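The block underneath contains the structure these notes are about, expressed in structure tokens.
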Amino acid sequence: MKILVTGSSGHLGEALMRTLPALGHEALGVDIVSSPFTQVVGSIADRAVVDPCMQGVDVVLHAATLHKPHVATHSRQAFVDTNITGTLNLLEAATANKVRAFIYTSTTSTFGDALTPPPGSPAAWITEDVVPVPKNIYGATKTAAEDLCKLFHRNQGLPCLVLRTSRFFPEHDDVPEKAAAWDDTNLKVNELLYRRVDTEDVVSAHLLAMERAGTLGFQKFIITATTPFMRDDAAALGTDAPAVLERRVPEYRALFAERGWKMLPALDRVYDNEKARRLLGWQPKYDFSSALKNLRAGEDYRSPLAITIGWKGYHPNSDGAD
């Protein structure tokens with residue numbers, strides 16, 4: 001198949017561009033930043049860039065976006081241009097070219113204020129049924145783009161699946177207080193319990209979405225590492241997360257003690273990937289337990305693909321980032 005990958009110079013875009021040709025697919029990468037994985041340098045907000053890219057395309061993997069860190073550096077209009085207009089351009093061109101499937105990479109940040117209950121409250125158990133409450137222009141534009149995907153499925157019959165990914169970036173935490181209080185690897189391993197996913201698993205979710213879009217039509221999926229917690233743990237997680245983890249994964253304590261690591265005292269949310277596992281047949285390989293196993297063996301807790309891609313940062317171009 002010929003597959004158009006938007007945002008091909010970014011973390012996920014590069015991962016997709018590395019993976020697809022190895023599976024026998026023809027992959028075309030578009031991004032506003034040049035890279036070895038980008039054949040077309042240009043903005044998806046420009047229809048003159050988008051239209052030629054869509055010729056002969058079977059599937060669109062739309063990973064281009066302005067991200068949460070860009071809220072501090074980019075205008076609200078730039079978010080609208082890239083995240084909404086860019087998505088609309090792609091959907092219209094995909095429909096005109098009879099593309100078989102459109103996979104939109106969204107974010108769990110769309111849930112916004114639904115993720116942060118008051119201190120001491122039960123952790124929010126986040127499934128696809130939770131109604132988003134965007135708290136910034138990033139979340140608002142990603143939610144709007146999701147609605148466009150739903151509209152094009154309903155009115156134009158374009159199979160569209162939305163993948164709301166949790167954190168997979170390797171950069172330091174964007175909350176300075178957390179970044180200062182925790183060893184970076186310690187914090188990211190903790191996040192595998194409730195709000196992080198490995199890049200390789202995000203790629204595998206996109207591959208499955210390509211296969212299942214025609215059957216599923218339109219669906220939204222949370223793409224995150226499988227948590228060891230259960231919904232009944234939510235109340236205790238909001239006040240004493242280490243005690244819950246001791247019950248669910250008791251072997252964690254010895255490794256954490258050896259490394260001088262600590263568990264987060266409380267969790268405000270837990271992302272649940274059950275729907276993606278059930279309907280996509282997705283089986284993420286990397287989670288908290290696999291991280292413990294790898295670390296005990298003296299190995300990196302991340303996938304080889306995540307290690308290869310490494311740290312990219314978020315470029316400061318004012319006209320949008322893919």
Between ASP300 and ALA254, Cβ-based FRET efficiency (R0 22 Å, step 0.05) works out to 0.65
Quotient of Cα radius of gyration and Kirkwood radius for the stretch 188-322, i.e. Rg/Rh, equals 1.01
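For the stretch 1-80, what D do you get in µm² per second when you plug the Kirkwood radius from alpha-carbon pairs into Stokes-Einstein at 10 °C and 1.306 mPa s? If you can, show how the numbers build up before the last one.
On the way: Rh = 12.9 Å.
For the chosen part, D equals 123 µm²/s.
Using Cβ contacts closer than 10 Å as the measure, can you line up MET263, MET17, MET230 from fewest to most? Can you show the working numbers first?
Numbers: MET263 20, MET17 26, MET230 13.
So the residues, fewest neighbours to most, are MET230, MET263, MET17.
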Extend 7 Å from the Cα of GLN283 along its Cα-to-C-beta direction; within the stretch 198-221, residues with backbone N under 15 Å of that point are 201, 204-205, 208
For the chain, the convex hull over Cα atoms projects on average to an area in nm² of 15.5 nm²
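How much length, in nm to one decimal, is gained on full extension between ALA243 and MET1, taken as 0.36 nm per residue of separation minus their Cα-Cα distance? All intermediate terms of the calculation are to be shown ahead of the outcome.
Numbers: separation 242, 0.36 × 242 = 87.12 nm, distance 4.89 nm.
Contour length minus the Cα-Cα distance gives 82.2 nm.
Could you tell me what a quarter of the Cα convex hull surface of the stretch 1-156 works out to, in nm² with one decimal place? Mind showing how you got there, number by number?
Working: hull surface 41.1 nm².
Quarter of the Cα hull surface area: 10.3 nm².
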Each label sits 7 Å from Cα toward the beta-carbon; between LYS98 and ALA180 the label points are separated, in nm, by 6.0 nm
By Cβ neighbour count within 10 Å, fewest first, ILE44, ILE307, ILE137 rank ILE307, ILE137, ILE44
Sparse-neighbourhood loop hits (trypsin sites (Lys or Arg not before Pro), the stretch 229-303; DSSP loop; Cβ within 10 Å at most 10 others) -> none
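If you stretched the chain out fully between ALA235 and VAL133, how much longer would it get, using 0.36 nm times the residue separation minus the C-alpha to C-alpha distance? It would help to have the intermediate numbers written out before the result.
Working: separation 102, 0.36 × 102 = 36.72 nm, distance 2.16 nm.
Result for the pair: 34.6 nm of gain on full extension.
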Ranking GLY281, LEU66, THR82 by how far each Cα lies towards the positive end of the charge dipole of the chain (+1 on Lys and Arg Cβ, -1 on Asp and Glu Cβ), the top one is GLY281
Computed about the Cα centre, the charge dipole of the chain from +1 Lys/Arg and -1 Asp/Glu charges at the Cβ has a magnitude in debye, to the nearest 20, of 520 debye
With only helices counted (DSSP H, runs n ≥ 4, each -39500 (n - 2.57)), the per-residue ellipticity at 222 nm for the chain, to the nearest 500, works out to -10500 deg cm²/dmol
Filtering GluC sites (Glu not before Pro) in the stretch 222-303 by DSSP loop and by at most 12 other Cβ atoms within 10 Å leaves GLU251, GLU299
In this structure, among LYS150/LYS275; LYS135/LYS178; LYS220/LYS293; LYS262/LYS293, pairs with alpha-carbon gaps over 23 Å are LYS220/LYS293
Going fewest to most other Cβ atoms within 10 Å around each Cβ, THR227, THR105 line up as THR227, THR105
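A short reminder: the numbers here are calculations on the coordinates, not readings from a lab. Since the model is a prediction, treat every value here as computed from it, not as a measurement. When we count neighbours, we look across all protein chains shown, and the Cβ atoms used for this are built from the backbone with ideal geometry, even at glycine.
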